[in-house]
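To start, the structure itself, in structure tokens.
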Amino acid sequence: VPPPLTPPLALSRRYRGLTLVLTFLCYTSYHLSRKPISIVKSQLHPNCSALGPNPLNGSNSSTWCSWAPFDGDNYKELFGALDNAFLVAYAIGMFISGIFGERLPLRYYLSGGMVLSGLFTALFGLGYFWDIHVLWYFIIMQVCNGLVQTTGWPSVVTCVGNWFGKGKRGLIMGIWNSHTSVGNILGSLIAGVWVSSAWGLSFIVPGIIIAAVGIICFFFLVEYPEDVGCSPPLHHDAGGVTSSEKDPEAVTSNEGPLSISGQSSADRSDSPKEPAEEPKAISFLGALRIPGVVEFSLCLLFAKLVSYTFLYWLPLYIVNVAHFGAKEAGDLSTLFDVGGILGGIFAGLISDYTGGRATTCCVMLVIAAPVLFLYNHVGQNGIGTSIAMLIICGALVNGPYALITTAVSADLGTHESLKGNAKALSTVTAIIDGTGSIGAALGPLLAGLISPTGWNNVFYMLIAADVLACLLLARVVVKEVRGWCGCIARKRGYVRT
């Protein structure tokens, strides 16, 4: 009689599907709640002269319909302060977030962060109904929101990494990573409904949504396969064998209980977890000592610098250079996100097939540099050319960024040097994304300082950042290439096995 494998297989698949859906919704709601500020800015300082004189006193003031304190000539600087308050708080908080994430129940940590994020997002919008005109109120809401939103990324990557092994992790997480763009699109649409009538609701409704998703996550998210009687996946190959030498199905045989002989002791639990045997969470310095963490973190800093510069400045660049209207420029800029989705999936698929995460990132970054140069010089020569170049640029810029923040973070957080200690994934993810967030804050700031000297100089800065990101991965790429050469030599019989 064959062993009863079907029920555990079906159970494991259901929970993996549930994990993907819940974490996708969680991070979609995170980005959904971040987007309203970029939509509402136009309402905080609109062109009042187009609306006529002030109906209250008949004056011709051009700022009578603006929302103080954003009604002055320095409104761009104040909007920049709001953006930087969030980004800097997010970057600083991310380094701390992973440490807490390893030491607190993940479900509680993620759900609590989402509820608090919903609260601070709604409080920003309540400034409209409470008639608040003090800059520091909005700055404090942005700082608090930036800090609590750091609970999201380490938590969702850890959950997905706990359920999915290394074999197809790149492809699965590449598709899953589209939540960023989905959240941005939904956030824009939801905020746009009330931006002209009562902009406070543009924040309150997304705040309610992220809090509600957080409550759903609290009741239904399962952190570990062992919690529901499923076997954990293989996070790395046993015996030092590279993924290219193993049967792909052996690496991804996480669809049901694994036999004792088919799973190394470092990748499984022989018995239910007991408090006395629970491994200690890894320290910050311990996470930095994992091979590849420093290299990928610094690479992401420059990759995210390029990505976020496009995110914040691309619409303005299209308006100034291609002379499109604001709406057309905004619509065109979404194609960069579309390319990012395709690039993330492509990078994940290729890196799964080759087993070379760093090499995949490096090749895409090398190609991205000349493509950025071409986009600046010929990308605005027609609508067709602009569309094609934006999609290609988005794929090449965001592909490595997506791969590093998802599959690479999960790989390093379950590295074989940890000897099965699962208490590292959140810390490693936070270190990598926190370092990248520094670049996310620096990129738009540098672009703002450089753009008055000409857009060419902005693109030279982006190309230089791309090259630096590539160079920082050189050591890891060399290691991967040597591994491939050794594998080929063994297969040809040049090396005795």
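The values are calculated or read from the model by the stated rules, or taken from the named source; none is laboratory data. Because the structure is a prediction, the values reported are computed rather than measured. Positions of Cβ are generated from backbone atoms using ideal geometry, with glycine treated the same way; all protein chains shown enter the neighbour counts. Surface areas here come from the heavy atoms of the whole protein model, side chains and all, with no ligands, DNA or RNA. Shrake-Rupley method; radii C 1.70, N 1.55, O 1.52, S 1.80 Å.
Please enumerate the residues belonging to the stretch 216-225 that are part of a helix (DSSP H, G or I) and either surrounded by fewer than 17 Cβ atoms within 10 Å (Cβ to Cβ) or modelled with pLDDT under 85 (or both). Matches in the stretch 216-225: I216, F218, F219, F220.
Taking the stretch 477-495 as the range and being at pLDDT below 80, open to solvent by 70 Å² or more (accessible area, probe 1.4 Å) and not in a loop (DSSP other than H, G, I, E, B) as the test, the residues that pass are I488, R490, K491.
Of the residues screened, D73 is one that is at pLDDT below 85, acidic (D, E) and part of a loop (DSSP other than H, G, I, E, B).
Among the residues of the stretch 193-215, those that are at pLDDT below 85 and open to solvent by 40 Å² or more (accessible area, probe 1.4 Å) comprise V193, S196, S197.
The requirement of being free of Cβ contacts under 8 Å to residues at least 24 places away in the same chain, farther than 29 Å from S409 by Cα and of a type in the set (V, I, T) is satisfied by I132. List every residue pair whose Cβ atoms sit under 6 Å apart, with the two residues 6 or more apart in sequence or on different chains, where the first one lies in the stretch 191-203 and is without any contact (Cβ under 8 Å) to a residue 12 or more places away in the chain and the second, anywhere, is open to solvent by 10 Å² or more (accessible area, probe 1.4 Å) and not aromatic (F, W, Y). Correct list of pairs: W194/L201. Counting only helices (runs of 4 or more DSSP H) that sit wholly inside the stretch 307-406, those with at least 3 residues that are under 23 Å from K479 (Cα atoms) and either without any contact (Cβ under 8 Å) to a residue 60 or more places away in the chain or touching a strand residue (DSSP E or B) at 6+ places or on another chain (Cβ under 6 Å) (or both) are 357-378. Can you tell me how many residues within the stretch 19-36 are in contact with a Phe, Trp or Tyr (Cβ under 7 Å, 6 or more places away or on another chain) and open to solvent by 20 Å² or more (accessible area, probe 1.4 Å)? Number of matching residues: 2. Taken over the stretch 65-82, the residue count meeting the criterion of being in contact with a helix residue (DSSP H, G or I) (Cβ under 7 Å, 6 or more places away or on another chain), open to solvent by 30 Å² or more (accessible area, probe 1.4 Å) and within 19 Å of L311 (Cα to Cα) is 1. Just one of the listed residues (I92, I96, I39) is at pLDDT 80 or above, over 30 Å from D227 (Cβ atoms) and either in a helix (DSSP H, G or I) or open to solvent by less than 20 Å² (accessible area, probe 1.4 Å) (or both), and it is I92.
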